[in-house]
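S.K.: Before I ask anything, let me first share the structure, which is written out below as structure tokens.
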Amino acid sequence: MTIKDDEQTDLQTPNGPMRTYVLRPAADGRYPGIVLFSEIFQVTGPIRRTAALLAGHGFVVAIPEIFHELEAPGTVLPYDQAGADRGNADKFGKELVSYDGDARAALAYLRSHPQSTGQLGVMGFCIGGHLAFRAAMNPEVLAATCCYPTDIHKGSLGKGMKDDSLARIPEIRSELLMVFGRQDPHVPREGRATIYNALADADINFSWHEFNGAHAFMRDEGHRYDPAAARIVYAMVLELFKRKLGEGDVVAERNVSTIADH
């Protein structure tokens, strides 16, 4: 379906306004909501294209600027060493509690969005995968996709580099889709095993998928991109979100069409 991709809002958080971009189906109606957490580079072209893909399959997608209190609104960091250095400095310069507060603000916004059914999921890449993992600790989140989430195994997210994500795994009630690249130096084999074992020990409902890919193998820009693997992952993502969140008015539109055909 066609989408609207020109909406944005500044959500209020304890650390100032958080610029958030909204993509959704163009057709009137109500659809499930997904908070999409970006990489350290914020809302880049590849992140927007992922949001467009999700919106085109019948979801209201909100993309918050994860470093809103550290960068000017609209800041997009380049995919180069300078951009990576600045993004990593922001990642470790932000308080852990602020990441969690931002997630709650984005979820609350989507829950009350006039085009949302209130059924919520989360998704993210790299640091965003970790943020989606933590967002899944909120009871209203029904499904979460975490693509090569960094820092979980080291407990190093946020200022002070001492997060409690592994310890809080028992709080997760949503179904998780965990995706990793075997050639990802940021989440090595030992780190992946740490996360897997913690999820299994807590009896969390999750699926686990490893691909022969580098870090950011789903990003459709740069030499790491593996389109064949990315297509497989997106198929799993859509299956999870449609199964857990429902299809909103997509179902109603299909039923009307079926009745008319008869």
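S.K.: Looking at Gly222, Gly191, Gly248, can you tell me which residue is of a type in the set (Gly, Ala, Ser) and in contact with a Pro (Cβ under 6 Å, 6 or more places away or on another chain)?
M.R.: Only one candidate qualifies: Gly248.
S.K.: Ok, one more. Scan the stretch 153-166 and tell me whether some residue there is charged (D, E, K, R) and outside any loop (DSSP other than H, G, I, E, B).
M.R.: Checked against the condition, which is being charged (D, E, K, R) and outside any loop (DSSP other than H, G, I, E, B), the stretch 153-166 yields no hits at all.
S.K.: Kindly indicate whether any position in the stretch 65-72 is β-branched (Val, Ile, Thr), in contact with a strand residue (DSSP E or B) (Cβ under 9 Å, 6 or more places away or on another chain) and under 24 Å from Tyr234 (Cβ atoms).
M.R.: yes
S.K.: In addition: Kindly provide the set of residues from the stretch 218-262 that are modelled with pLDDT under 95, part of a helix (DSSP H, G or I) and either on the phi > 0 side of the Ramachandran plot or not hydroxyl-bearing (Ser, Thr, Tyr) (or both), ordered by number.
M.R.: Scanning the stretch 218-262 gives Asp249, Val250, Val251, Ala252, Glu253, Arg254, Asn255, Val256, Ile259, Ala260, Asp261.
S.K.: Scan the stretch 32-64 for residues that are in contact with a strand residue (DSSP E or B) (Cβ under 8 Å, 6 or more places away or on another chain) and either modelled with pLDDT under 95 or under 15 Å from Ala84 (Cα atoms) (or both) and report the count.
M.R.: 3
S.K.: Within the stretch 1-55, take every residue that is surrounded by 14 or more Cβ atoms within 10 Å (Cβ to Cβ) and touching a Lys or Arg at 6+ places or on another chain (Cβ under 6 Å) and give me the one that is nearest to Asp226 (Cα to Cα).
M.R.: Result: Pro46.
S.K.: Can you tell which of Leu131, Leu176, Leu142, Leu120 is of a type in the set (A, V, I, L, M), at pLDDT 95 or above and closer than 14 Å to Lys91 by Cβ?
M.R.: Within the list Leu131, Leu176, Leu142, Leu120, the selection yields Leu131.
S.K.: Determine whether the stretch 150-168 contains at least one residue that is touching a strand residue (DSSP E or B) at 6+ places or on another chain (Cβ under 6 Å) and acidic (Asp, Glu).
M.R.: Checked the stretch 150-168: no residue is touching a strand residue (DSSP E or B) at 6+ places or on another chain (Cβ under 6 Å) and acidic (Asp, Glu).
S.K.: Consider Asp100 carefully, then state whether it is under 16 Å from the mean Cα position of the chain (by Cα), of a type in the set (D, E, K, R) and surrounded by 15 or more Cβ atoms within 10 Å (Cβ to Cβ).
M.R.: The answer is yes for Asp100.
S.K.: Give the number of residues within the stretch 174-210 that are part of a loop (DSSP other than H, G, I, E, B) and in contact with a Gly (Cβ under 9 Å, 6 or more places away or on another chain).
M.R.: Final tally of qualifying residues: 5.
S.K.: Mind telling me which of the residues Ala108, Ala72 ends up being without any contact (Cβ under 8 Å) to a residue 24 or more places away in the chain, surrounded by fewer than 20 Cβ atoms within 10 Å (Cβ to Cβ) and not in a loop (DSSP other than H, G, I, E, B)?
M.R.: Criteria check complete, one pass: Ala108.
S.K.: Looking at the structure I just gave you, is Gly213 buried (at least 16 other Cβ atoms within 10 Å of the Cβ), at positive phi and either at pLDDT 95 or above or not in a loop (DSSP other than H, G, I, E, B) (or both)?
M.R.: no
S.K.: Need pairs with beta-carbon distance below 9 Å; first residue under 14 Å from Val141 (Cα atoms) and acidic (Asp, Glu) and within the stretch 166-182, second modelled with pLDDT of 95 or more and not in a loop (DSSP other than H, G, I, E, B); sequence gap 6+ or separate chains.
M.R.: Pairs that qualify, where the first residue is under 14 Å from Val141 (Cα atoms) and acidic (Asp, Glu) and the partner is modelled with pLDDT of 95 or more and not in a loop (DSSP other than H, G, I, E, B), are Glu175/Leu142; Glu175/Ala143; Glu175/Ala144; Glu175/Phe206; Glu175/Ser207; Glu175/Leu240; Glu175/Arg243; Glu175/Lys244.
The values are calculated or read from the model by the stated rules, or taken from the named source; none is laboratory data. The structure presented is a predicted model; accordingly, all values stated were derived computationally and were not measured. Note: ideal-geometry Cβ built from the backbone for every residue, glycine included; neighbour counts use all protein chains shown.
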